[in-house]
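A short write-up of the structure that comes next.
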Amino acid sequence: MDVKRVKDFIYWLYYQYLLVTCSYVLEPWEQSMFHTITVTVVAMVVYTAYVFVPIHVRLALEFFSQIFGAQPDSAV
């Protein structure tokens, strides 16, 4: 892939983001505030998912393994 096509694709994605969020109608200072808040919220969601989802998946697997009759690890 050449650099121009990648650059055009990224520009197209950014344009789609502006259209979906309707942030193209905002003033420049409003756009920067909106983008800052959006990036902050997305980063917090990704971090929370990274930290807490594996813990909950492990606990759910332990719970369901106890329900369906698997022996606990400490019963050896």
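The values are calculated or read from the model by the stated rules, or taken from the named source; none is laboratory data. Not measured: the values here are computed from a predicted model. Areas reflect the complete protein model, heavy atoms only, side chains present, ligands, DNA and RNA absent. Shrake-Rupley method; radii C 1.70, N 1.55, O 1.52, S 1.80 Å.
Whenever you get a sec, compute what percent of the accessible area on the chain sits on carbon and sulfur atoms (1.4 Å probe).
73
Would you tell me the accessible area of Val25, worked out with a 1.4 angstrom probe on the heavy atoms of the protein chains, in Å² to the nearest 10?
Accessible surface of Val25 is approximately 100 Å².
Mind pulling the angle between the C-alpha long axis of helix 28-67 and the longest principal axis of the chain? Nearest 10 degrees, somewhere in 0 to 90.
Between the helix axis and the principal axis of the chain, the angle is about 10 degrees.
Using only the alpha-carbon atoms of the range 3-68 as identical scatterers, what base-10 log of I(q)/I(0) does the Debye formula give at q = 0.23, 0.24, 0.26 Å⁻¹?
-0.99, -1.02, -1.06
What is the angle, in °, between the Cα long axis of helix 3-21 and the longest principal axis of the Cα atoms in the chain? Nearest 10 is fine, range 0 to 90.
80
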